[in-house]
Amino acid sequence: MKKVTINWLTEKGACVSDSEKLKAEQEFNGDILKIVPYLISEHRLADANWLLTKYFNKKQNVLYAIFAAEQVLDIFEKKYPSDKRPRKAIEAAKNYLKNPCKETKAAAYAADAADAADAAYAAYAAADAADAAYAAYAAAYAAADAAYAAYAAAYAAAYAAADAADAADAAADAALSVKIIKYGLSLLE
């Protein structure tokens, strides 16, 4: 497993102090499986999510994006029962994972996925997103490098999560973020 070092954090553009970078390297010996639980305990969920998405490989990012999107899909579909774009974007991401070829990548660029991404991004940008919305958004956003489907699923997740943030209290949002982040940790084990 690669180490989270001062240099690695700097190369990735981490927005933390040098002392935080030093802590990751020395106190936690660069072990992401120790750093992320620490960040969760400190309620630094956005930092934990950022670290995971930078650390993951392409497949892990897509899996993380799909999981995050699926956690809030029902909330979105209750509010917009006839809008199937987020579900289609998630399915396109799953199809890409099953068979990462030109055809599934092209399908991920399909109008439905693109529309879902655009709609979700607009909703997310307008929302007062809580940690859960951010976790879903960031997790899937990181998957943009993997496939456009994951990218669209991410924005779809953010859209639904933003709605969830409006409907739920901060504790529920934080619990959802922790659930998503813990799933991300399981991808490393």
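The values are calculated or read from the model by the stated rules, or taken from the named source; none is laboratory data. Keep in mind that what you see is a predicted model, and the values were worked out from it rather than measured. All Cβ positions, glycine included, derive from the backbone under ideal geometry; neighbour counts span all protein chains shown.
So that you can scan it fast, the table gives a plain yes or no per residue for (1) at pLDDT below 90; (2) farther than 26 Å from D173 by Cα:
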site	(1), (2)
N7	no, yes
E11	no, yes
C15	yes, no
N29	no, yes
L39	no, no
L52	no, no
Y55	no, no
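Scanning the stretch 89-127 for residues being assigned to a helix (DSSP H, G or I), within 15 Å of V62 (Cα to Cα) and at pLDDT 75 or above gives a total of 10.
The residue pairs whose first member lies in the stretch 70-83 and is closer than 16 Å to K94 by Cβ, whose second member is surrounded by 18 or more Cβ atoms within 10 Å (Cβ to Cβ) and among the β-branched types (V, I, T), and whose beta carbons are closer than 9 Å, counting only pairs six or more residues apart or on different chains, are E70/I90; Q71/I180; L73/I90. Residues in the stretch 11-58 that are in contact (Cβ under 8 Å) with a residue 60 or more places away in the chain and loosely packed, with under 15 Cβ neighbours inside 10 Å were compared, and the one that is nearest to L97 (Cα to Cα) is L33.
For the stretch 60-83, a tally of residues being at pLDDT 80 or above and surrounded by fewer than 16 Cβ atoms within 10 Å (Cβ to Cβ) returns 2.
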